[in-house]
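Participant: I am attaching a structure below and will ask some questions about it afterwards.
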Amino acid sequence: MAGERHHSQACVDNKCEAVLSVSIMSKNLAAAPGPRNLITDVPGLAVGQAHDAAARTGVTVILPDERAVAACDVRGGGPGTRETDALAPENLVEAIDAIVLSGGSVYGLAAADGVVAWLGAQGRGYGLVSTTGVPRSPVVPGAILYDLANGGERAWGEDPPYRRLGREAVIAAARHFQLGTAGAGYGAMAGRLKGGTGSASVVSADGITVGAVVCVNSFGSVVAPGGRTFWASPYEVGDEFGGLGPSGLAAQGDIWGLAKVDPAERMNTTIACVATDVALTPAQAKRVAVMAQDGLARAIRPIHAPFDGDVVFALSTAARPLGEGGDFTIARIGALAADVLARAVARGVYAAQPWPGVNGWRDLPA
């Protein structure tokens, strides 16, 4: 490697890091999951979750140790979001304090209120000036999925549980967290299977870390028709979601297998966040979010329908510099993010615990 590094210094036009990356890739030095195989393998990230079992709903909070650059890409036809306009590269605020994923449809947007209140009390947030007695303004984008019709108790009157759940989730933020029937994926359905919260990570041969967390509440199916093979199976590492391999994959037009028979307007949505430790600008993070959406397309069929609200956030903890690879490194991060998001989708459904009358993946015939 030292010789390759020395050789790369002879390159021109500031492309030394790109040459080194190509050299690494040409030797087929495979990337591998991080030690937790969770988005929290990205240095500087924690995730907290909370749920209400009676209401069959929950909240997931992605909490960076320090304010982080972030971006958002929306592909679904029925999204529900908060503060995503603040993430546009041309706008004033360049970093966020947390990202909130929530069940509850429009009620779930209030989960970010609980997170904002808690962060503000810790003195975290954005401030043009530092003035005694003037609180900082935490920037907390969020997205919601529809789980209101899953049989949970909704007699909450004027006090939905989401602000409370948001606060509980951010307080619980840690490096380890539960997959499956947990967090914002607690009440989710993946087509006609029990959905859930999934996560995965990857570390490249030259040390770039990319992770994803996703709450799968899709109209489309995560498995191929007629069996239990995940659409994401070509991207599986080891047996992280069953180890069946891709031999059972087959697709035909208008045959969607376990997609929802009656999707119903706005009763779906898959929401996700991908992250990297590489320092990115807001525009570069946006490109990573755009590329990461392909991971949903690899894992769910169909996706981005009129009655989905699919949203992918991307954030950077900036633990390591981008280096001179520039756009080539951005392309690598985006490609890794798409792969890791596909794996996270399958891991979330694989880990989900079924409810009475609702099958989980393990209930499918072998």
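The values are calculated or read from the model by the stated rules, or taken from the named source; none is laboratory data. Source: prediction; values computed, not measured. All Cβ positions, glycine included, derive from the backbone under ideal geometry; neighbour counts span all protein chains shown.
Participant: Which pairs turn up if I take residues in segment 287-308 that are closer than 13 Å to CYS72 by Cβ and look for partners that are of a type in the set (Asp, Glu) and buried (at least 19 other Cβ atoms within 10 Å of the Cβ) with beta carbon separation below 7 Å, at least 6 apart in sequence or on another chain?
Facilitator: Listed pairs, sorted by first residue: ALA289/ASP73; VAL290/ASP73; GLN293/ASP73.
Participant: Quick test for you: out of LEU341, LEU315, pick the one residue that is surrounded by 21 or more Cβ atoms within 10 Å (Cβ to Cβ) and not in a helix (DSSP H, G or I).
Facilitator: Result: LEU315 is the single residue among LEU341, LEU315 that is surrounded by 21 or more Cβ atoms within 10 Å (Cβ to Cβ) and not in a helix (DSSP H, G or I).
Participant: Restricting attention to segment 155-175, and to residues there that are in a loop (DSSP other than H, G, I, E, B) and in contact with a Phe, Trp or Tyr (Cβ under 9 Å, 6 or more places away or on another chain), which single residue is surrounded by the most Cβ atoms within 10 Å (Cβ to Cβ)?
Facilitator: That would be PRO161.
Participant: Something else about it: Looking at segment 187-211, which of the residues that are assigned to a strand (DSSP E or B) and small (Gly, Ala, Ser) is farthest from ALA30 (Cα to Cα)?
Facilitator: Only one residue tops the list, namely ALA190.
Participant: VAL345 passes all but one of (1) hydrophobic (A, V, I, L, M, F, W, C); (2) under 21 Å from GLY103 (Cα atoms); (3) in contact with a Gly (Cβ under 6 Å, 6 or more places away or on another chain); (4) modelled with pLDDT under 95; which number fails?
Facilitator: With respect to (1) hydrophobic (A, V, I, L, M, F, W, C); (2) under 21 Å from GLY103 (Cα atoms); (3) in contact with a Gly (Cβ under 6 Å, 6 or more places away or on another chain); (4) modelled with pLDDT under 95, VAL345 is out only on (4).
Participant: Report yes if TYR107 is among the hydroxyl-bearing types (Ser, Thr, Tyr), in contact (Cβ under 8 Å) with a residue 40 or more places away in the chain and farther than 21 Å from ALA55 by Cβ, otherwise no.
Facilitator: no
Participant: For segment 76-101, what are the residues that are crowded, with 24+ Cβ neighbours inside 10 Å, over 20 Å from GLN122 (Cβ atoms) and hydrophobic (A, V, I, L, M, F, W, C)?
Facilitator: LEU87, LEU101 - these are the residues of segment 76-101 that are crowded, with 24+ Cβ neighbours inside 10 Å, over 20 Å from GLN122 (Cβ atoms) and hydrophobic (A, V, I, L, M, F, W, C).
Participant: Filter segment 122-151 for residues that are at pLDDT below 95, surrounded by 11 or more Cβ atoms within 10 Å (Cβ to Cβ) and small (Gly, Ala, Ser); which is farthest from GLY80 (Cα to Cα)?
Facilitator: GLY127
Participant: From the list LEU119, LEU87, LEU145, pick out the single residue that is in contact with a Ser or Thr (Cβ under 8 Å, 6 or more places away or on another chain) and under 25 Å from ALA46 (Cα atoms).
Facilitator: Just a single option satisfies the conditions, and that option is LEU145.
Participant: Residues to consider are GLU240, GLU265; find the one that is part of a loop (DSSP other than H, G, I, E, B) and at pLDDT 95 or above.
Facilitator: None of the other options fit; the residue is GLU240.
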